[in-house]
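The values are calculated or read from the model by the stated rules, or taken from the named source; none is laboratory data. Bear in mind that the values here come from a model prediction, so they are computed numbers and not experimental data. With ideal geometry, Cβ positions are generated from the backbone for all residues, glycine too; neighbour counts draw on all protein chains shown.
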């Protein structure tokens, strides 16, 4: 009975501890815009805290209490109580401290909470394992139970809890789960009836405080983490969508942030371009007649809406890893028709994995309006190996068009990998076949392009005609000295990026060169 209880406590404490870590990482990842080094710093603080807590528990275990002594359950219970309250408070601490500091100082709260959580396993081992010839084998079972609980916590919280609930509800759930463990320990301890009743009432009171206090403690947590010092009393997101794949937030002006990083705006208008939508229209100037197109990444759906109206397009596949974006665009009239367009097929998957799983699929154009090149996991979509994978899916004369977010390394990688390439603003267009930003095709495209029957450019007014003429002249920038918003030839890109490195899966250049890059609030 005693050893079974020990295994249960070890498993439950592991489940709760790792669940909190998953919760904390969501906060840190959002606050850091997906900084590659964020998880490493979290893990360092977490392990440091566990080491300190274990050391403290080790000192307490020298007091000589025998295995199975029910008095030890009181000590474990109070450690678990404090640990769960502190674990619940970590998320609000990150939010409150963001107004004055960036997120790293709040890792102190992680270390403190982890120290209390880390003390539980040594204490429960001391309680449940007698000092006899079977101590070693019993200890191995206790560690196994803790590992199983930890793995289950990561999986259940990461893939189920955070997919179904907001971070506010998840935080309250974990705290109440921990308090349930505390109540069990107190119920089994050697406390008298009166003292046990008082102790359980205290736990119930703590649970009540957490239930009532969670909405206030977690209030506008994502606004605090994103805007930091720029947060105002009335700053509030228009939309927040949370899934196991991440957090999507939308400001009042329609700016979309995915995982805390800028992810576009709701806009399909080239006339009032506030999201660089010009680049999407530009595909028609570089490829004469794309019939099959693949886009990796959906975001606000603005690019998808524009590209789905490309003249001559017959099939448009879109791969998006976060299903939350479907819910997002379904609520915005400007883009929601993408979800019902018969030409469009949306696949919820990782882009690279989808390409590997569909080796026979061929496309005239593969386009990616990818996120910042320095974010964690960006190498998966920017490496030379990935570019070779895309090449295998291009039809003859096919075009690969993707966002480099102005990285010299990424631009050089594309220019070195493909024999024909061009920079379009901060995008790279690349192909195995010659292509150009054809001015006459560009002129005709802009004149004929329409979205749901509405011309992209109204040339019936002098202002509209002047805008059209100015936009047509964009094709001439390839013959001018390169500027950031213009066109640039492959030779010029190679000359300008002479000192840049080729991005590979092994060197992960974009991520390692920005391992601890901190960002100002938007």
Review point. If you go through the range 259-279 one residue at a time, how many are out of contact with any strand residue (DSSP E or B) (no Cβ under 8 Å at 6 or more places or on another chain) and part of a helix (DSSP H, G or I)?
Key: 1
Review point. Of the residues in the range 434-466, how many are assigned to a loop (DSSP other than H, G, I, E, B), surrounded by 11 or more Cβ atoms within 10 Å (Cβ to Cβ) and either in contact (Cβ under 8 Å) with a residue 60 or more places away in the chain or outside the structural domain of residue 286 (by TED's automatic domain parsing) (or both)?
Key: 8
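Residues to consider are 136, 118; find the one that is out of contact with any helix residue (DSSP H, G or I) (no Cβ under 9 Å at 6 or more places or on another chain) and either closer than 30 Å to residue 235 by Cα or at pLDDT below 95 (or both). Show your work before the answer.
On the way: 118 fails: out of contact with any helix residue (DSSP H, G or I) (no Cβ under 9 Å at 6 or more places or on another chain).
Answer to the selection: 136.
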Practice item. Hey, can you tell me all the residues within the range 340-370 that are in a helix (DSSP H, G or I) and surrounded by 15 or more Cβ atoms within 10 Å (Cβ to Cβ)? Key: 351, 352, 354, 355
Check your understanding: Which ones in the range 8-42 are more than 17 Å from the chain's Cα centre (by Cα) and either outside the structural domain of residue 157 (by TED's automatic domain parsing) or surrounded by fewer than 20 Cβ atoms within 10 Å (Cβ to Cβ) (or both)?
Key -> 8
**Study point:** Which numbered condition residue 51 fails, given (1) surrounded by fewer than 19 Cβ atoms within 10 Å (Cβ to Cβ); (2) more than 22 Å from residue 18 (Cα to Cα)
**Key:** (2)
Review point. Restricted to the range 220-258, and to residues that are out of contact with any strand residue (DSSP E or B) (no Cβ under 9 Å at 6 or more places or on another chain) and without any contact (Cβ under 8 Å) to a residue 60 or more places away in the chain, which residue is nearest to residue 179 (Cα to Cα)?
Key: 236
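Looking for something free of Cβ contacts under 8 Å to residues at least 24 places away in the same chain, under 18 Å from residue 72 (Cβ atoms), assigned to a helix (DSSP H, G or I) and out of contact with any strand residue (DSSP E or B) (no Cβ under 6 Å at 6 or more places or on another chain) - is there at least one such residue anywhere in the range 133-151?
Filtering the range 133-151 for residues free of Cβ contacts under 8 Å to residues at least 24 places away in the same chain gives 133-137, 139-140, 144.
So of that shortlist, the ones also under 18 Å from residue 72 (Cβ atoms) come out as 135, 139.
Pick out the ones that are also assigned to a helix (DSSP H, G or I) and you get 135, 139.
Within this subset, residues satisfying the condition of being out of contact with any strand residue (DSSP E or B) (no Cβ under 6 Å at 6 or more places or on another chain) are 135, 139.
Yes, the range 133-151 contains a residue that is free of Cβ contacts under 8 Å to residues at least 24 places away in the same chain, under 18 Å from residue 72 (Cβ atoms), assigned to a helix (DSSP H, G or I) and out of contact with any strand residue (DSSP E or B) (no Cβ under 6 Å at 6 or more places or on another chain).
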**Study point:** Yes/no for residue 34 being touching a strand residue (DSSP E or B) at 6+ places or on another chain (Cβ under 7 Å) and farther than 18 Å from residue 177 by Cα
**Key:** yes
Review point. Can you tell me which residue in the range 152-199 is nearest to residue 322 (Cα to Cα), limited to those that are in contact with a strand residue (DSSP E or B) (Cβ under 8 Å, 6 or more places away or on another chain) and in a helix (DSSP H, G or I)?
Key: 163
Point to revise | Boolean, residue 274 is without any contact (Cβ under 8 Å) to a residue 60 or more places away in the chain and either buried (at least 16 other Cβ atoms within 10 Å of the Cβ) or under 28 Å from the mean Cα position of the chain (by Cα) (or both) | key: yes
